[in-house]
1. Could you figure out which of (1) within 30 Å of B:Thr110 (Cβ to Cβ); (2) crowded, with 16+ Cβ neighbours inside 10 Å; (3) at pLDDT 95 or above isn't true of A:Ser82?
2. Quick one: which residue in B:Ser58, B:Ser66 is over 12 Å from the mean Cα position of the chain (by Cα), over 23 Å from A:Leu47 (Cα atoms) and hydroxyl-bearing (Ser, Thr, Tyr)?
3. What are the pairs, 6+ residues apart or on separate chains, where a residue within segment A:13-26 that is under 20 Å from A:Asn55 (Cα atoms) and among the aliphatic types (A, V, I, L, M) has its Cβ under 7 Å from a residue that is loosely packed, with under 14 Cβ neighbours inside 10 Å and at pLDDT 95 or above?
4. Can you spot a residue in segment A:71-83 that is within 14 Å of another protein chain (Cβ to nearest Cβ), assigned to a strand (DSSP E or B) and of a type in the set (Gly, Ala, Ser)?
5. Of the conditions (1) among the polar types (S, T, N, Q); (2) farther than 18 Å from A:Val101 by Cα; (3) within 13 Å of chain A (Cβ to nearest Cβ), B:Asn71 clears all except one; give me its number.
6. Looking at (1) in contact (Cβ under 8 Å) with a residue 60 or more places away in the chain; (2) surrounded by fewer than 17 Cβ atoms within 10 Å (Cβ to Cβ); (3) in a strand (DSSP E or B), which one does A:Met91 not meet, given that it meets all the others?
7. Restricting to segment B:56-68, and then to whatever is within 14 Å of chain A (Cβ to nearest Cβ) and touching a residue at least 12 places away in the same chain (Cβ under 8 Å), can you tell me which residue is surrounded by the most Cβ atoms within 10 Å (Cβ to Cβ)?
8. Quick one: would you say B:Pro81 is within 13 Å of the chain's Cα centre (by Cα) and either assigned to a strand (DSSP E or B) or touching a residue at least 24 places away in the same chain (Cβ under 8 Å) (or both)?
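The values are calculated or read from the model by the stated rules, or taken from the named source; none is laboratory data. This is a predicted model, so every value here is computed, not measured. Cβ sites come from the backbone with ideal geometry, for glycine too, and all protein chains shown count toward neighbours.
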Amino acid sequence: QKEVEQDPGPLSVPEGAIVSLNCTYSNSAFQYFMWYRQYSRKGPELLMYTYSSGNKEDGRFTAQVDKSSKYISLFIRDSQPSDSATYLCAMSRDNYGQNFVFGPGTRLSVLP
Amino acid sequence: DAGVIQSPRHEVTEMGQEVTLRCKPISGHDYLFWYRQTMMRGLELLIYFNNNVPIDDSGMPEDRFSAKMPNASFSTLKIQPSEPRDSAVYFCASSLRQGAGEKLFFGSGTQLSVL
C-alpha cells in the first residue's frame, strides 16, 4: 500500500460544479497537510495548508482534514475552466525540512 | 523577479552520458530543493540546500546523482552515467524558509529523456 493515495482521475465536471478531491494516507504521524495545483508543463504551486484536523477556507477552496479517518479533502466551489489542472495532496510528520510525501495527483478538467 | 529558472527545458540523451541540470533560485531565498516527478513514483524530494549547504540528500537515488550549490544563485544536479530509468521531469524549487506551510516556488522543470 502506498503511503498516500489519490484517485488519478481524470475527473471531468461542468463549469460551476462543486468539485471534491480526496486523499487517503496510512501514516498516522502526519500532521501537516497541503494541496498543490499543477498546470500542464509547470511546477506545482501551493494552494492550501492545514495543520492537524479541521477545515480551512480560502475563497472558492476549502480544505478538510479528518485525522481519525486518515482522509483529507479539497473542495472547489463554482469551478472554472481555469481550475483545470492536476491537484496533488502532500503531507509531512513535522514542520522541519520539506520532505513531504506527495500523492500521485488527480487530473481535473472543468468544461465550459 | 523572474521566478525560479531551470535549464534546459528538455534534454534527450543516450544511456551512459552525463547530464547536468541547472537552476537559478529566486533571489533572497535561502532554501533550494531538487524534486523528481514520474508517473510511477509521483513527486519525490531528492535533496535540499540551506544557504548553499546540502542539508538532506537522503532522496538521492544512488551515487550516480550529485548536486552542488556553489553560490546562492546557482545549483546543478548531475547524473553520471545516465540510465533510461532516470527519465523524468526534474524540478528545482526555492523558498524563503522551510516548513510545511512555507510556499515553495517551483521552476518549470526539465524534461529528461534517457534513451
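1. With respect to (1) within 30 Å of B:Thr110 (Cβ to Cβ); (2) crowded, with 16+ Cβ neighbours inside 10 Å; (3) at pLDDT 95 or above, A:Ser82 is out only on (2).
2. B:Ser58
3. Short answer, once both residue conditions are applied: A:Ile18/A:Arg77.
4. no
5. For B:Asn71, the exception is condition (3).
6. With respect to (1) in contact (Cβ under 8 Å) with a residue 60 or more places away in the chain; (2) surrounded by fewer than 17 Cβ atoms within 10 Å (Cβ to Cβ); (3) in a strand (DSSP E or B), A:Met91 is out only on (2).
7. Residue satisfying both the conditions and the ranking: B:Met60.
8. Here the answer is no, as B:Pro81 does not meet what is asked.
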